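The values are calculated or read from the model by the stated rules, or taken from the named source; none is laboratory data. Computed from a predicted structure; not experimentally measured. Don't worry about glycine lacking a Cβ; one is built from the backbone with ideal geometry, like all the others, and counts go over all protein chains shown.
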Amino acid sequence: MAVITLANAKGGAGKTTAALILATELARQGSRVVILDADPQRWITNWFELSGNIPNLEVISHITPASLPCHIRELKDEVDFIVIDLAGAKDAIVALALGLSDQVLIPVQGCAMDARGAVQILELIRQIEEKARTRINHAVVLTRVSSLVTTRALQTIKALLAARGVSVLDTPIVERAAYREIFECGGTLQTMDADRVSNLDKARENAFALAREVQEILPMRVRRSLALRLHWALPRAA
Ligand SMILES: Nc1ncnc2c1ncn2[C@@H]1O[C@H](COP(=O)(O)OP(=O)(O)OP(=O)(O)O)[C@@H](O)[C@H]1O
Ligand SMILES: [Mg+2]
């Protein structure tokens, strides 16, 4: 089981959107996924109530610092992925979630305020790592990137952050109407109507690439345990 947390101390950075795209894509591919909605604004919970049943996906709301470790413990053997959506803050639950994560993703939109929120999270991760003498895997994911931005421009941003010791996912989350609409309509990128939402195919491809890359960068011990679970879940050859 892997715990993946979306964090940026700044509001509106794209955490909830990234959490939803990632979680629904992992569930679509057959993994059992639970989203822990730790944001009092309950965007994910509202989306889930609007959506009805989504195969392989559950949402748990009203997450508190007291309940978070209990949920993770209880779900450990039941699910493949726990995705935690945090509020844009730097409080007790954020620190706790970072410390319990196998992978932290820090969405950054490229504006100065977002970058500052990201730096606060990077600093918090460093403090927890020092205190607990452990390593927390983390990476920035560029979000709301214009589809017109060139690969070279993205490589430049990546190199700038890499020079500061921050890794950045190769897959940016592109600005897509589908990612806004999903919160209005409920459901997933698969249940949306391609005639009504522009570039839905591109939004789906982006979600696929994101989920693939996130799975690739998980710590080796987590990837091994996921692979083992998959192995036992497969029907045995006669
Ligand atoms: N890739 C994207 N394409 C289009 N719109 C996006 C994308 N990412 C985020 N948005 C829009 O940007 C706004 C903020 O995004 P989101 O709610 O995901 O941020 P957040 O970090 O979760 O905010 P908060 O801190 O308030 O919880 C929303 O209106 C969302 O629809
Ligand atoms: Mg949010």
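Put simply, of V79, V141 the only residue that is within 16 Å of ligand 1 (Cβ to nearest atom), in contact with a strand residue (DSSP E or B) (Cβ under 7 Å, 6 or more places away or on another chain) and of a type outside the set (D, E) is V141. Could you tell me whether Q41 is near ligand 1 (Cβ under 9 Å from one of its atoms) and more than 15 Å from the chain's Cα centre (by Cα)? Criteria met by Q41.
The residue list K10, K15 contains one member that is at pLDDT below 95 and of a type outside the set (D, E), which is K10. Would you mind stating whether V83 is modelled with pLDDT of 95 or more, within 13 Å of ligand 2 (Cβ to nearest atom) and under 16 Å from the mean Cα position of the chain (by Cα)? When the stated conditions are applied, V83 passes them.
With the structure loaded, tell me whether L50 is part of a helix (DSSP H, G or I), away from ligand 2 (no atom under 15 Å from the Cβ) and either at pLDDT 95 or above or among the aliphatic types (A, V, I, L, M) (or both) or whether it fails that test.
Details: part of a helix (DSSP H, G or I): yes; away from ligand 2 (no atom under 15 Å from the Cβ): yes; either at pLDDT 95 or above or among the aliphatic types (A, V, I, L, M) (or both): yes.
Yes; evaluated as a whole, the condition is true for this residue.
Among the residues of the stretch 14-31, those that are aliphatic (A, V, I, L, M), within 16 Å of ligand 1 (Cβ to nearest atom) and farther than 13 Å from A178 by Cα comprise A19, L22, A23.
Quick check on the stretch 1-39: of everything there that is near ligand 2 (Cβ under 10 Å from one of its atoms) and in a loop (DSSP other than H, G, I, E, B), which residue is farthest from A139 (Cα to Cα)? Before you say what the answer is, go through the steps one by one.
Pass one, the stretch 1-39, residues near ligand 2 (Cβ under 10 Å from one of its atoms): 6, 8, 11-20, 37-39.
Filter again for in a loop (DSSP other than H, G, I, E, B), leaving 8, 11-14, 39.
Working: N8: 11, G11: 18, G12: 18, A13: 15, G14: 14, D39: 21 Å.
Per the stated criteria, the residue is D39.
Looking only at the stretch 132-177, how many residues end up being more than 16 Å from ligand 2 (Cβ to nearest atom) and either in contact (Cβ under 8 Å) with a residue 60 or more places away in the chain or in a loop (DSSP other than H, G, I, E, B) (or both)?
Here the count works out to 21.
Quick one: is P219 over 16 Å from E25 (Cβ atoms) and either touching a residue at least 60 places away in the same chain (Cβ under 8 Å) or of a type outside the set (F, W, Y) (or both)? Here the answer is yes, as P219 does meet what is asked.
If the condition is being within 16 Å of ligand 2 (Cβ to nearest atom), closer than 14 Å to I4 by Cα and not in a helix (DSSP H, G or I), then the stretch 86-125 contributes L86, V104, L105, I106, P107.
Contact map, the stretch 18-39: first residue closer than 17 Å to K76 by Cα and of a type in the set (V, I, T), second residue within 13 Å of ligand 1 (Cβ to nearest atom) and assigned to a helix (DSSP H, G or I), Cβ cut-off under 7 Å, separation 6 or more or different chains; pairs are V33/A23; I35/A19; I35/A23; I35/I44.
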